Amino acid sequence: MKYALFAALSIFSAFASANQAVNADAAAPPAVEYTYSQHLDIAKVISMTSASDVSTACGPVESHMVYVDSKGVTHNLEYTRLGDGCQNG
């Protein structure tokens, strides 16, 4: 009986988490460009995407991160990162 209750609660929890993530992506605010002086309060990362394939790019790559801060507010951050395809560094 305990195992059945545990399994049911685990399944319910998984569906609730998946539904929350889908809703957070749909309601993401417009992207804000990151600056180095900006303080980031990241409690949970919802998604991270890049404009191109980061593993083969050598040089700057535009990326986005959707996250929730400690107050529960969703943010959409646009930033530039270095691709992983460079051989010398």
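The values are calculated or read from the model by the stated rules, or taken from the named source; none is laboratory data. Every value quoted in this text rests on a predicted model; they were computed, and no experiment measured them. Here Cβ is always computed from backbone atoms with ideal geometry, including for glycine, and neighbour counts include all displayed protein chains.
Take the residues of region 40-54 that are within 14 Å of Val73 (Cβ to Cβ) and either of a type outside the set (A, V, I, L, M) or more than 14 Å from the chain's Cα centre (by Cα) (or both): which is modelled with the highest pLDDT?
In this case the residue turns out to be Lys44.
Every residue in region 67-89 that is in contact with a Ser or Thr (Cβ under 6 Å, 6 or more places away or on another chain), in a strand (DSSP E or B) and farther than 10 Å from Ile42 by Cα, please.
Tyr79, Arg81
Check off (1) modelled with pLDDT of 85 or more; (2) in a helix (DSSP H, G or I) for Asp25 and give me the number that stays unchecked.
The one condition Asp25 does not meet is (1).
Under 9 Å between Cβ atoms, which residue pairs at least 6 apart in sequence (or on different chains) link something in region 55-78 that is at pLDDT 90 or above with a partner that is of a type in the set (Lys, Arg) and surrounded by 11 or more Cβ atoms within 10 Å (Cβ to Cβ)?
Sorted first by the residue in region 55-78, then by its partner, the pairs are Tyr67/Lys44; Val68/Lys44; Asp69/Lys44.
Pick from region 52-86 the residues that are of a type in the set (A, V, I, L, M, F, W, C) and farther than 16 Å from Ala28 by Cβ: which of them is surrounded by the fewest Cβ atoms within 10 Å (Cβ to Cβ)?
Across region 52-86, the extreme among qualifying residues is Cys86.
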